[in-house]
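To start, the structure under review is shown below, and the notes come after it.
The values are calculated or read from the model by the stated rules, or taken from the named source; none is laboratory data. Remember, it's a predicted structure, so these values are computed and weren't measured experimentally. Positions of Cβ are backbone-derived with ideal geometry, glycine not excepted, and every protein chain shown enters the neighbour counts.
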Ligand code: ATR
């Protein structure tokens with residue numbers, strides 16, 4: 001081990017299911033660093049006190065999971081551009097003066113996962129269809145816009161939520177909202193299909209979608225990673241579409257946070273992926289740190 005001892009953590013409520021300690025713990029050991037990363041349960045009423053405590057104890061920063069991703073924004077002196085656009089913080093850097101800088105790395109995680117699995121994928125090549133309009137969808141849509149998507153079709157069970165998401169994206173690309181019942185039809189001509197809903201996750205209802213109109217060249221990504229191969233991905237693979245599992249988004253979103261606290265941009269390896277998948281074999285999606 002080398003260097004000063006660096007502390008980081010994930011805060012949430014509940015937080016025992018978090019995979020972040022496995023991810024960051026793996027990297028601390030792999031890079032021979034002197035540091036720790038733990039899971040800290042903070043109820044909403046304890047959030048401010050708990051964060052002050054981490055600052056007083058000299059933590060380098062922390063990840064933020066449900067239900068604090070919005071509330072923690074009020075405690076941050078600074079927010080990065082992505083956190084402001086998405087309206088949620090998943091990573092906090094504590095400055096030497098104790099000031100908090102809130103960032104959001106989910107959009108980065110989404111893009112890096114697709115890029116690692118499908119090298120050279122061109123996000124501007126054709127329309128992207130996004131199922132869902134919750135927190136994860138906000139990060140995915142933001143990422144798609146940043147990556148140059150020209151058209152995004154949003155299909156969500158609650159149309160109004162998709163409409164709000166489309167309206168908050170002041171961007172040059174065309175964002176179209178489709179009724180949930182037409183999710184099968186909007187696949188015509190799509191270059192990318194992303195499931196950001198909880199459907200298909202272990203313990204949740206299945207995602208029913210007819211892929212018949214999806215072009216064979218389209219890439220299909222599910223941000224659900226438990227099970228790793230969801231029914232959506234299995235169906236897409238059977239028709240010959242390239243598929244991207246959700247675990248990589250979770251792993252890649254952790255990299256910039258680790259780099260900010262520990263000073264090393266870490267790699268996502270097969271060993272890390274297997275390790276994270278083998279712990280807590282319960283439900284999970286990539287936005288659920
Ligand atoms: P996350 O932060 O993981 O995105 P979320 O914000 O709770 O979680 O969003 C969950 C998404 O899954 C939403 O798009 C939700 O649709 P609604 O906006 O209509 O709630 C979608 N979802 C959850 N259960 C669903 C179901 N049974 N059928 C269709 N969509 C569902």
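Going by the structure shown, is residue 243 more than 29 Å from residue 84 (Cβ to Cβ), within 16 Å of the ligand (Cβ to nearest atom) and touching a strand residue (DSSP E or B) at 6+ places or on another chain (Cβ under 6 Å)? No, not satisfied. The number of residues in the stretch 196-207 that are within 9 Å of the ligand (Cβ to nearest atom) and either within 10 Å of residue 130 (Cα to Cα) or over 20 Å from the mean Cα position of the chain (by Cα) (or both) comes to 3. In summary, strands (runs of 3 or more DSSP E) completely within the stretch 65-152 and bearing 2 or more residues that are more than 28 Å from residue 177 (Cα to Cα) and away from the ligand (no atom under 16 Å from the Cβ) occur at 91-94, 100-103.
Among the residues of the stretch 227-266, the ones that are farther than 22 Å from residue 31 by Cβ, assigned to a loop (DSSP other than H, G, I, E, B) and more than 14 Å from the chain's Cα centre (by Cα) come to 7 in all. On inspection, residue 272 does not qualify as part of a helix (DSSP H, G or I), at pLDDT 95 or above and under 17 Å from residue 128 (Cβ atoms). Report, by residue number, each residue of the stretch 162-185 that is buried (at least 17 other Cβ atoms within 10 Å of the Cβ) and part of a helix (DSSP H, G or I). Across the stretch 162-185, the qualifying residues are 162, 165, 166. Against the conditions (1) free of Cβ contacts under 8 Å to residues at least 60 places away in the same chain; (2) more than 23 Å from residue 20 (Cα to Cα); (3) under 18 Å from the mean Cα position of the chain (by Cα); (4) surrounded by 18 or more Cβ atoms within 10 Å (Cβ to Cβ), residue 132 satisfies every one except (1). Counting the residues of the stretch 208-223 that are buried (at least 20 other Cβ atoms within 10 Å of the Cβ), more than 15 Å from the ligand (Cβ to nearest atom) and not in a loop (DSSP other than H, G, I, E, B) gives 2.
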